[in-house]
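A.B. asks: Once you've had a glance at the structure underneath, I'll fire off some questions.
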Amino acid sequence: MSLLKKSLLVLLALTALSNLSLARTLVKHIARLKGQEEITIQGMGLVIGLNGTGDGAAYAPTLRSLAAMLAKMNTPLGEAGLKELRDAKNVALVMVTTIPASGARQGDQLECIVSSIGAAKTLENGYLVTTALLSPQVGNDRVYGIAQGPLSLDNPRAKTVARIRQGCRLEEDFLNNYIKDHKITLVLNKSHADFEVAQEMASLI
């Protein structure tokens, strides 16, 4: 057999093996591991240092939140004092969220997303005041993280959404338990959720 024919046969064999490997379906493409779901922790806070682009008097909850923060710092204003804050256009009320990765530990620094929920025009050059992050579960008041720091905009067109790199410090471990009774559970995606696929996967594993 000539060298050319041998080379062609080797090339065809490699192509067949390549196509076969591409045709294989990975478990992670059709199912997820139960217990490894993303958990979002969140909190409401104040962004300060805005150049006149904050909420101002147009959003009363911001004024109340600012008054509450001042009260915690031993500078109470009272109801009448709210009028003094109406020109505070350098402050915005925001929602802060972060998703701890699986296996994140207490003390880890995570990235967090800061989104305006008031009338702010932009969060550019703002600074997030210390904000406690809680679980979204109703009735769970444990503080899982503390967020603060300078904001940066990723998209100039989305001026009311910013992020703080390594701006959240975890106060609790996030160790999702995916092994129960020495077993793991795989949850099929909706597009593959039927008994035939489940039985075939179980037999193959």
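The values are calculated or read from the model by the stated rules, or taken from the named source; none is laboratory data. All figures in this text were calculated on a predicted structure; none of them were measured in a lab. All Cβ positions, even for glycine, are placed from backbone atoms using ideal geometry, and neighbour counts span all protein chains on display. Please note that ligands, DNA and RNA were not included when accessible areas were found on the heavy atoms of the full protein model with its side chains. Shrake-Rupley method; radii C 1.70, N 1.55, O 1.52, S 1.80 Å.
A.B. asks: Please enumerate the residues belonging to the stretch 38-97 that are without any contact (Cβ under 8 Å) to a residue 40 or more places away in the chain, touching a Leu at 6+ places or on another chain (Cβ under 9 Å), more than 23 Å from SER152 (Cα to Cα) and of a type in the set (A, V, I, L, M).
C.D. replies: ALA57, ALA60, LEU63, ALA67, LEU70, ALA71, LEU77, LEU82, LEU85
A.B. asks: Can you find, within the stretch 134-157, the residue that is modelled with the lowest pLDDT among those that are open to solvent by less than 40 Å² (accessible area, probe 1.4 Å) and in a loop (DSSP other than H, G, I, E, B)?
C.D. replies: That would be ASN140.
A.B. asks: Of the residues LEU66, LEU50, LEU9, which is assigned to a helix (DSSP H, G or I), at pLDDT 85 or above and open to solvent by less than 100 Å² (accessible area, probe 1.4 Å)?
C.D. replies: On the way: LEU50 fails: assigned to a helix (DSSP H, G or I); LEU9 fails: at pLDDT 85 or above.
From the options LEU66, LEU50, LEU9, the qualifying one is LEU66.
A.B. asks: Could you check, for the stretch 98-113, whether at least one of its residues is under 16 Å from ILE48 (Cβ atoms), open to solvent by less than 60 Å² (accessible area, probe 1.4 Å) and not in a loop (DSSP other than H, G, I, E, B)?
C.D. replies: Here is the first cut: in the stretch 98-113, the ones under 16 Å from ILE48 (Cβ atoms) are none.
No, the stretch 98-113 contains no residue that is under 16 Å from ILE48 (Cβ atoms), open to solvent by less than 60 Å² (accessible area, probe 1.4 Å) and not in a loop (DSSP other than H, G, I, E, B).
A.B. asks: Could you please find all residues in the stretch 116-133 being in contact with a Gly (Cβ under 7 Å, 6 or more places away or on another chain), in a strand (DSSP E or B) and open to solvent by 40 Å² or more (accessible area, probe 1.4 Å)?
C.D. replies: If the condition is that a residue be in contact with a Gly (Cβ under 7 Å, 6 or more places away or on another chain), in a strand (DSSP E or B) and open to solvent by 40 Å² or more (accessible area, probe 1.4 Å), then TYR127, ALA132 are the ones that fit.
A.B. asks: Sticking with this structure for a sec: Within the set of pairs 6+ apart or on separate chains, which have a first residue in the stretch 132-147 that is over 11 Å from GLN42 (Cα atoms), a second that is modelled with pLDDT of 90 or more and open to solvent by 40 Å² or more (accessible area, probe 1.4 Å), and C-beta atoms under 7 Å apart?
C.D. replies: Correct list of pairs: ASN140/LEU134; ASP141/LEU134; ARG142/LEU134.
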